[in-house]
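A.B. asks: Sending over a structure as structure tokens; questions will come in a sec.
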Amino acid sequence: MVSALLPFEGPADLSRIEAPVTLKAYLICAFAACGGLFFGYDTGWINGVLGMPYFITLYTGYQYDYDKKQPIGVDPTNFGLPSSTKSLMTSILSCGTFFGALIAGDIADFIGRRLTIIIGCLIFCVGAILQIASTNQTVLFVFGRLIAGLGVGFISTVIILYMSEIAPRKVRGALVSAYQFCITVGILLANCVVYATQDRNDTGSYRIPIGVQFLWAVILGTGLFILPESPRYHVMKGQLHSAAKSLAYVRGQPIESEYIKDELAEIVANHEYEMQVVPQTSYIGSWVACFHGSLRKGNSNIRRIILGCGLQMWQQLTGINFIFYFGTTFFQQLGTISNPFFISLITTLVNVLSTPISFVAIEYLGRRFLLIYGALGMVIMQYIVAIVGTTAGRVEADDPAAVRAMIAFICLNIFFFATTWGPTGWVVIGECFPLPIRSRGVGISTACNWFWNCIIAVVAPYMVGTSKGSANLGPKIFFIWGSLCIFSMLFAYFLVPEMKGLTLEQIDKMMEEVSPRKSKKWMPKTTFVAELARRDQEKSRQQWRDVNAATNVGGVESGMGGCGYNQEGNEMGNMDPYGAQHGAGVQGGYGGNSPSMGRDPYESPNTVRY
Ligand code: BGC
């Protein structure tokens, strides 16, 4: 079966452009999703550490009585780091991640996705060491956080890219959602570790939460050393044999499988097609290309950048991080709550437990449905919180039942976020960019997430703060978040196409042919291979030869690099799927004796030519 490689026989067989899903594919993606732990954990631990007595003493000199659990010689309300220090220590991470995300998109195209993630882990470790080494040097601590942020930026960008590129189309949404799940688990773990060490009277109080992160770095870095590079990266670099090996590995199929040939041919043809639309220029030119095209065309690069950045911006403007970053303080201000920390822990738990629902929902209901109705759900929940908070739930009303109702609706709001905008924001940015600008597009979109994350971290305390110069909005802030969710909903309705069940290459075609609102009904009619072939018969003939050569045992390139993978490559090198043509290199599978591969489709007497 070589249909996708038989462009002259009419539309290629659409059902064969991807191999069946294997357990291996699930496991590889599930492992890569661990990158989300960094994201969640690193955003989660800082709030707790900034409130720890030992850390406060270290940076302010105020003393604390650990037996009586109260500060010595200073009013408890004044026992804390200055707001400016807190703000700097919190937001510097987002600053690092912002730049890390932008740089990583670039690097991932030069050295590959896998290596960029490994480098991200190393950078992150350097940052963590600097933070652990600092005792009361604000500059060193802040610098360490900046460096760690760079590493997190690398990882948070490239993991999405890597997962989207290796995941099978039918479960891509679910697998990338696993990344979001790891983010939520990271936040929860950070809360638990900080809770466990907060009362320590030694440097372990803050060094342990920071040190735990090495574990994620070691697990992810080591694992990726063994996993293969993204086949789409190899295609971009023109390394077809490596791409074939890599694809065979992630699909759990033999390299000579027809599925691998068909899928690879489609990736190659799509890349060719895209390169014709956006030709390669200089380094600056390739950045400019990301913003190229007409705003009216759904598949122009600029429209995709708007889609990616807009999604990440509106995801942040749902206000979810207000709850995770400032929930404890907000619950304290509501009065009547005896243990605000416990309530925060519950909100984090709701986040973790709700996210897996998205694994199924994203594939059954689709991206658009989740984004539109998820935003609607958040509008309703946040308005209810705001209305109750400004009436029966007011502090002066002193009504514990009303406050409990507010907390319940905040949890429902988290449920809506966790099952919809949380994962879908990441899934869509992994899917919406064409290969030539994919890594930069994902990088720019991720940077956008961190940018707005930072803005909210800086602005929100002033919105609800009670001190002079603050707006003291209290629960009214939920009117603002709820209203912003209306914009999130409109954005999804008008600008986000449905991508469920399509390959990354078909998504490209769909964005070209229909508007987001009609995208749900779009069905692929042809393949890029067939399309290109019609345009350029000769080019496709060469493609067929190249792909055959690449999937042939001898191959045109040497090994892949990376431990476990090389081993597999060698094993494959000893097999001869095509009969007589042992290691025959470029011509191996093409004119040989194998019944399936030895046939030259272009010479076949049965070929129906256009
Ligand atoms: C967001 C984070 C947020 C987290 C909460 C992610 O998708 O990008 O900013 O803290 O979800 O689960």
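A.B. asks: R0 = 30 Å: FRET efficiency of Ala408 with Ser87, Cβ-based, nearest 0.05? Don't skip to the end; give the middle numbers.
C.D. replies: Numbers: r = 31 Å, r/R0 = 1.04.
Efficiency, rounded to the nearest 0.05: 0.45.
A.B. asks: If you don't mind, there's one more thing I want to ask. Given R₀ = 22 Å, FRET efficiency for Phe494-Ile380 by Cβ-Cβ distance, to 0.05?
C.D. replies: Numbers: r = 21 Å, r/R0 = 0.93.
The pair Phe494/Ile380 has a calculated efficiency of 0.60.
A.B. asks: Give me the Kirkwood hydrodynamic radius of region 32-143, using the inverse of the mean 1/r over all pairs of distinct Cα atoms, in Å to one decimal. Please report the intermediate quantities before stating the final value.
C.D. replies: On the way: mean 1/r = 0.0621 Å⁻¹.
Every distinct Cα pair counted, the radius reaches 16.1 Å.
A.B. asks: Could I ask something else about it? For region 403-417, in order, what is each residue's ³J(HN,Hα) by Karplus, 6.51 cos²θ - 1.76 cosθ + 1.60 with θ = phi - 60°, in whole Hz (x at glycine and Pro)?
C.D. replies: Listing the rounded values in order: 5, 4, 5, 4, 5, 4, 6, 5, 5, 5, 4, 4, 4, 4, 5 Hz.
A.B. asks: Ok, one more. Using mean Cβ contacts within 10 Å as the protection proxy, how do 112-118, 400-406 order, highest first?
C.D. replies: So the order, starting with the most tightly packed, is 112-118, 400-406.
A.B. asks: Once the cut-off is 14 Å, how many percent of the Cα-Cα pairs in region 96-160 end up in the long-distance tail? Can you show the working numbers first?
C.D. replies: On the way: 1063 of 2080 pairs.
Taking all Cα-Cα pairs of region 96-160, the fraction more than 14 Å apart is 51 percent.
A.B. asks: For the pair Thr329 and Gln542, how long in nm is the line joining their label points, each one 7 Å along Cα→Cβ?
C.D. replies: 6.2 nm
A.B. asks: Which order do peptides 137-145, 171-179, 303-311 fall in by mean Cβ count within 10 Å, highest first? Write out the running numbers ahead of the final one.
C.D. replies: Working: 137-145: 17.9, 171-179: 26.1, 303-311: 22.0.
The densest-packed peptide leads the list: 171-179, 303-311, 137-145.
A.B. asks: While we're here: Can you pull out the trypsin sites (Lys or Arg not before Pro) in region 426-490 that DSSP calls coil and that have at most 14 other Cβ atoms within 10 Å?
C.D. replies: For trypsin sites (Lys or Arg not before Pro) across region 426-490 that sit outside H, G, I, E and B with at most 14 neighbouring Cβ atoms in 10 Å, the list reads Lys468.
A.B. asks: So how much slack lies between Trp287 and Phe342, counting 0.36 nm per residue of separation and subtracting their Cα-Cα distance, in nm? Could the numbers behind the result be given before it?
C.D. replies: Numbers: separation 55, 0.36 × 55 = 19.80 nm, distance 4.66 nm.
So the chain would gain 15.1 nm between Trp287 and Phe342.
A.B. asks: Let me check the size of region 306-433 from its C-alpha atoms; what are the radius of gyration and Dmax in Å?
C.D. replies: Both quantities, over Cα of region 306-433: 15.7, 52 Å.
A.B. asks: Given a Förster radius of 22 Å and the C-beta distance between Asp65 and Gln137 as r, what FRET efficiency does 1/(1 + (r/R0)^6) yield to the nearest 0.05? List each step's numbers first, then the result.
C.D. replies: Working: r = 26 Å, r/R0 = 1.17.
For R0 = 22 Å, the calculated efficiency reads 0.30.
A.B. asks: May I pose another question? Taking H as built 1.01 Å from N, whose amide H comes closer than 5 Å to the amide H of Gln63, not counting residues under 5 places away?
C.D. replies: Ile72
A.B. asks: Among 337-344, 243-250, 191-198, how do they line up by average Cβ neighbours within 10 Å per residue, starting with the highest? Before the final figure, lay out each step's value.
C.D. replies: Details: 337-344: 15.8, 243-250: 27.5, 191-198: 18.9.
Order by mean packing, descending: 243-250, 191-198, 337-344.
A.B. asks: Need one number: nm distance between label points at Lys521 and Ser483, each 7 Å from Cα along Cα→Cβ, rounded to one decimal.
C.D. replies: Result: 3.7 nm between the two label points.
A.B. asks: Test of understanding: what is the full-extension gain from Ala196 to Val74, defined as 0.36 nm times their sequence separation minus their Cα-Cα distance?
C.D. replies: Contour length minus Cα-Cα distance gives 41.4 nm.
A.B. asks: Pull out the extension gain between Glu513 and Met275, defined as 0.36 nm times the separation in residues minus the alpha carbon to alpha carbon distance; nm, one decimal. Write out the running numbers ahead of the final one.
C.D. replies: Working: separation 238, 0.36 × 238 = 85.68 nm, distance 1.81 nm.
Stretched out fully, the Glu513 to Met275 stretch lengthens by 83.9 nm.
Since every read-out is calculated from the coordinates, none of them should be taken as a lab result. Only a predicted model underlies this, so the values are computations on that prediction, with no experimental measurement involved. Backbone-built Cβ (ideal geometry, glycine too); neighbour counts: all protein chains shown.
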